[in-house]
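Notes to accompany the following structure.
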Amino acid sequence: MYQLGILAQHRNELLLAEVAGWVHDYRKCSDEHLRTQSANLTKQQALPRNQLAQQFSILGTVIFSILGFSRTFANLLDDRTWLNDVLGQFLSRCHNTAHFDKQEPVDGKQNYPGIKISTPFGFEKDLPSSSLTAQLWGLPWNSVSNCTANRSGLIQAISTLFSQAIADTRRPINEVDLWSWGLLVGALYKAALAGALLKGVTPAAQDLRWRLLAVQVNGLDYLINVMRVPDLLARRQLLTDALNRVREMLEVTYPFGCEVYHDENGSIYVVPDVQDLLNAINPHNQSLETIIRETFASGIEGEIAPSIDLETNAWWGQDPNWPASPHDELPDIGGFLSRSVVSMPDIQRIQQFWSSNQNDICTVCGLRPQGPGPKAKERNLCDVCEQRRADRARDWRTQWLSTTIWLDEVADDKGRFALIVGSFDLTHWLSGACVRSLLVREPNQQHGYHADTIAKNPSFARLRRIWETTRTFWQEVGPTDDMQRLQQSVIGQHAGPAQSRLEITGHVHPVAPGSHLEPYHAYELVLSDGVSLSVLWDGHQFITCDNLLYLSRRMRSDIQTVLKPGSKMSIEVPGGYGATRTRWGTITIASTSVSGDTFVRAIPLLAEPRVFLA
């Protein structure tokens, strides 16, 4: 039985190997490299191999020791030493394996300056002309000494810079950015070493193989199978957090995998060639499959369970005997991405909620019983769904006042709002069919071992770039990852800022003695017959979450004059799905002030590779 504990014992070494893979071709992130690869310049000098160690002497003291071999990190990055031992031979093999993503074109050299990088769809943009080397030395190289603690910072810094650099300047493979290339090699290298640790056998570099591991759900169905926007937003965050926890476990806790594809339906990882990997156990005697399921389940509370599949056939990528034997073996990522995943609830977890609660079924999740808390039962919700709404309202009040989560605030001055839907049909891109319509070489050209290499390979790295390109497009239209960017987004520029909110204080009088307003719950202030103002109670005051201009039009008066000190009005509790509002009590207004927060009247809901909702 394979023991996952050995991976945790060698965590820093495996993460250091991963970083080495990311930056092993760092010299390509330089102005010197672009000049040496240009078609119009001759006798150019490449970046010296020893310059990195000279500028960052600590890299000569960081010891990389695993499988009975040791090197310094600086020495490992010197490709002239790769054949000296297993550590270098593995890295060399991983570099060569990754060439299934970077096939050899006929020529395609570009002139310097003016070298361009391409998207996977063929649209080109300029590379930075004369600052790559300076930015390369600006990376946090000293952080490599403790890559376990500094991994997220290293990823952020390296990916930001290397995604602007290029792994090969020749057209048409100038779509392979340096981060994509390094990420692929790092994934292969880390998995190869982890596989040797798990098996207790160090194979020859030429014998290395890998597999893909898929953790997938029917994410889109899960996200949109709700009646209200706050519930969709809560599910989006829950699903994101669940997949992120699994990624952290596979990449860091037991560091043998690396995520190479991710969308709303889950993640795909490169892992070692270990046939019964899912049965490997941790120190608590739990199998890897069980660990993945339990890691995913936290917070989701049984609503959806992932499908976990290990690729049946191992692959070597580029033929180890290339170019004499150009028989590449590609992973079947298209098969994973093309299949329909049916995501069922975790029945055992759901049963636990019914064992002590036999109320009607929750109107949001449709799985758990309503309650048992009184506030949840009033709204026909289970406690879990009720808490999610409260948590989101609290986060909005404390962190996101420059945005909105309320449909009433999104509505225009006549009370109308629109749902914007966009979609990229990536079906045949992700299956690989459209990728194979892109050529590395023109047909009918004979170039020895290149004769059969015409179409681009649908590698997982290329599909990842397709996913990133389309998702980046939607994130620029209406970001869901960073709501602070909403004002600068396409939707933000078109929707424009809304009127400031109002903050209302006063003396509240409940109908039921001893009743209290619930912090971060939404209520309605009844302004007149048929006209109510949506507000949120933050524990001290009400803050409006409605379109005030629309209400002013309906009231035929400035809303602030309606909410003048001394005014008395009813407070009502919104009903759940299919229920009517109930009267909580009254408020006698003491003061009404402008909050000062402006926001964009838009709510981005989904910005995933294939679908956009706002």
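The values are calculated or read from the model by the stated rules, or taken from the named source; none is laboratory data. Model, not experiment: these values are computed from the prediction. Positions of Cβ are generated from backbone atoms using ideal geometry, with glycine treated the same way; all protein chains shown enter the neighbour counts. Keep in mind that these areas ignore ligands, DNA and RNA; they rest on the heavy atoms of the full protein, side chains included. Shrake-Rupley method; radii C 1.70, N 1.55, O 1.52, S 1.80 Å.
Below is a table of values for the structure above.
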| quantity | calculated |
| --- | --- |
| Inter-centroid distance (Cα atoms) of the range 348-409 relative to the range 521-582, Å | 22 Å |
| Label-point separation, Gln351 to Gln9 (7 Å along Cα→Cβ), nm | 3.8 nm |
| Per residue accessible area in Å² of the chain, where ligands, DNA and RNA are left out and the probe is 1.4 Å | 43 Å² |
| The chain, helix-only ellipticity at 222 nm - DSSP H runs n ≥ 4, -39,500 (n - 2.57), divided by all residues, nearest 500 | -9500 deg cm²/dmol |
| Entries in Lys377/Lys564; Lys102/Lys190; Lys375/Lys414; Lys43/Lys125; Lys125/Lys456; Lys109/Lys190 that, when Cα-Cα distance is taken, lie over 30 Å | Lys377/Lys564; Lys375/Lys414; Lys109/Lys190 |
| Rg/Rg_globular for the range 57-192, with Rg_globular taken as 2.2 N^0.38 Å and Rg from C-alpha atoms | 1.14 |
| Rounded Å value of the spacing that divides the Cα centres of the range 455-504 and the range 239-281 | 25 Å |
| Cα lying deepest toward the dipole's positive end in the chain, options Cys29, Val215, Gln352, charges on Cβ | Cys29 |
| Förster radius 51 Å - calculated FRET efficiency between Val201 and Thr160, Cβ distance, rounded to 0.05 | 0.85 |
| Extension gain, Phe417 back to Arg394 (0.36 nm per residue minus Cα-Cα distance, nm) | 5.9 nm |
| Protection proxy ranking of 58-64, 597-603 - average other beta-carbon atoms within 10 Å, highest first | 597-603, 58-64 |
| Isotropically averaged projected area of the range 376-533, using the convex hull of Cα atoms (one quarter of hull area), nm² | 15.9 nm² |
| Separation of alpha-carbon centers, the range 28-76 and the range 111-178, rounded to whole Å | 15 Å |
| Space enclosed by the convex hull of the alpha-carbon atoms of the range 518-614, per residue, Å³ | 147 Å³ |
| Spin-label pair Val594/Phe121, simplified geometry with 7 Å Cα→Cβ offset, distance in nm | 4.2 nm |
| Cα Rg, Dmax (largest Cα-Cα span) when computed across the range 56-134, Å | 17.6, 47 |
| Cα-centre dipole for the chain with unit charges at Cβ (Lys and Arg positive, Asp and Glu negative), debye to 20 | 820 debye |
| Relative contact order %, the chain, counting alpha carbon pairs below 8 Å whose residues are six or more apart | 14 percent |
| Solvent-accessible area, 1.4 Å probe, carbon plus sulfur percent, for the range 1-133 | 47 percent |
| Cα-based radius of gyration of the chain once divided by 2.2 N^0.38 Å, which approximates compact folds | 1.13 |
| Principal axes of the range 564-614: Cα extent on each, largest first, Å | 52, 35, 9 |
